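All of the numbers you see were taken from the coordinates with simple rules; none came from a lab. For clarity, every value in this text was computed on a predicted model and none was experimentally measured. Every residue, glycine as well, gets a Cβ built from its backbone with ideal geometry; the counts of neighbours run over all protein chains shown.
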Amino acid sequence: MGDQEKYRKPTYEERLSWSPGDGNGLQVHSLKEFTVGGLNCWENWMPLTRAALYGQGENLHIAVWPGTLDNTKNITRFIARESRSYVISVSSLMSKNDFPTTTPHVSKILENAPEVLANGGSCIAGPVGEWVLDPIIDSEGIFTASLDFSRVLEERQNFDPSGQWKRRKNLN
């Protein structure tokens, strides 16, 4: 396996269920006035992956996580500040009781695990990193907030991560 191939693999536990991939899936989609993109787990920590979405005009980022406040509290706000976008972090809850008793070797898997393996941390940050919805831990539900698209435009007037300030190679 060459160096290029090892960087096209899912990270951490995702390797158990996701196959290797390339950047073709890094796409954005229109949703009313927003341009939505998203990443899964540690992909959210990869600056070039985020930059690929920013370059396509992403202004609403969906960050999906296995589910801990440790994953979401800092990076959600950072991505929002960096991109001058809204960031919705979606996280899950998981305790030892969530594992089916029919899982092979379940007792061995859980013997040293904490009672709570994932405490949530779903949240929404605005275009300068302010909390629109504070991180929610240890609670299950559907959480909503109103997003004002004009806030993205206001903040991008000052700084656009893939607009007027980025350096370009002179082709002349």
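Are any residues in segment 107-159 of a type in the set (S, T, N, Q) and under 22 Å from GLU58 (Cα atoms), and if so, which ones?
Correct list: SER122, THR144, SER146, SER150, GLN157, ASN158.
Pull up segment 52-100, narrow it to residues that are out of contact with any helix residue (DSSP H, G or I) (no Cβ under 6 Å at 6 or more places or on another chain) and charged (D, E, K, R), then point me to the one that is farthest from ASP148 (Cα to Cα).
Applying the filter and picking the extreme gives ASP98.
Given the criterion in a loop (DSSP other than H, G, I, E, B) and touching a residue at least 12 places away in the same chain (Cβ under 8 Å), identify the matching residue among GLY38, GLY67.
Going through GLY38, GLY67 in turn, the sole match is GLY67.
So which residues in segment 120-138 are of a type outside the set (Gly, Ala, Ser) and assigned to a strand (DSSP E or B), if there are any at all?
CYS123, ILE124, TRP131, VAL132, LEU133, ASP134, PRO135, ILE136, ILE137
Can you say whether SER146 is in contact with a helix residue (DSSP H, G or I) (Cβ under 8 Å, 6 or more places away or on another chain) and under 25 Å from ARG50 (Cβ atoms), as far as the supplied structure shows?
On the way: in contact with a helix residue (DSSP H, G or I) (Cβ under 8 Å, 6 or more places away or on another chain): no; under 25 Å from ARG50 (Cβ atoms): yes.
Taking the combined requirement at face value, the residue does not satisfy it.
Taking segment 44-83 only, how many residues are over 30 Å from GLU115 (Cα atoms), among the polar types (S, T, N, Q) and crowded, with 19+ Cβ neighbours inside 10 Å?
Number satisfying all stated conditions: 2.
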